[in-house]
1. Could you work out what % of the accessible surface of segment 14-134 is carbon and sulfur, using a 1.4 angstrom probe and leaving DNA, RNA and ligands out of the count?
2. Tell me, what is the FRET efficiency for R182 and M97 to the nearest 0.05, using R0 = 45 angstrom and their Cβ-Cβ distance as r?
3. How high is the relative contact order of segment 49-200? Use alpha-carbon pairs under 8 Å, at least six apart in sequence, and give a whole percent.
4. Need the C-alpha centroid separation for segment 177-199 versus segment 1-65, integer Å.
5. Report K158's accessible area, 1.4 Å probe, all protein chains in place, as a number in Å² to the nearest 10.
6. Out of [x] 9, 37, 40, 14, 0; [y] 9, 33, 33, 17, 5, 2, 1, 0; [z] 8, 32, 37, 19, 4, 0, which label holds the value of P(r) over Cα pairs in 10 Å bins from 0, in percent that was computed here?
7. Sum -39500 (n - 2.57) across every DSSP H segment of at least 4 residues in the chain, then divide by the residue count to get the 222 nm mean residue ellipticity, nearest 500.
8. Using the charge dipole of the chain (Lys, Arg: +1 at Cβ; Asp, Glu: -1 at Cβ; taken about the Cα centre), state which of I91, A122, G54 has its Cα farthest towards the positive end.
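The values are calculated or read from the model by the stated rules, or taken from the named source; none is laboratory data. Please read these numbers as outputs of a predicted model, since none were measured by experiment. We place every Cβ from the backbone using ideal geometry, glycine too, and count neighbours over all the protein chains shown. Surface areas here come from the heavy atoms of the whole protein model, side chains and all, with no ligands, DNA or RNA. Shrake-Rupley method; radii C 1.70, N 1.55, O 1.52, S 1.80 Å.
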Amino acid sequence: MELRELCKSAKQVSRQIGNLDTNTKNEVLRAAAEALVAHTDEIIRENEKDLARGRENHMPEGLLDRLMLNPSRMEQMAEGLRKVADLADPIGEVLSMKKRPNGLMIGKKRVPLGVVGMIYEARPNVTVDAFALCFKTGNCVILKGGSDAINTNIAIVKALKKALSDNLVSAAALALIESTDRETTNAFMKMDQYVDVLIP
């Protein structure tokens, strides 16, 4: 999907995602954990392609290790999703309330940000963690991972999107920018009419 359309789709469903009840969000996160486990073999196959390319490009051993997935690391990512599902939902929490002299009540309440954009490097676990934290807080997320992990990230996002669709939640709540060039990154950083917060 073209970058602008991808960002626009996220913006269009952001209000719907922000209004999801806690139970629905937790069910999706637990389903996402199960989807990761169910697609472990497929995700590891794609991860092996990224590792092979990394070795060809003489990627340092430390970076290769951060990129590498195995069944144990897949289970850890799934467990991370379950732990986020178990956290209290911060959305709707009233932090303070004061009565003004004219009787007007003014307070602070936690609300979703809308669409969160995230740019990061070759750590596939960040793909899962970013989705989990953004979705739990009622936000859509657009991910721009590094080229070193592109095959892995595509496979992970496919599994996570299935969990969204299976629970009748718009898959546009999660998007991955598959283009890995700098021009796309620069264009993404200028999509402020659709992206409310950008985390590099």
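1. Solvent-exposed carbon and sulfur of segment 14-134 make up 52 percent of the total.
2. The pair R182/M97 has a calculated efficiency of 0.45.
3. After rounding, I find 24 percent.
4. Rounded to whole Å, the Cα centres lie 17 Å apart.
5. 130 Å²
6. [y]
7. It comes out at -18000 deg cm²/dmol, rounded to the nearest 500.
8. I91
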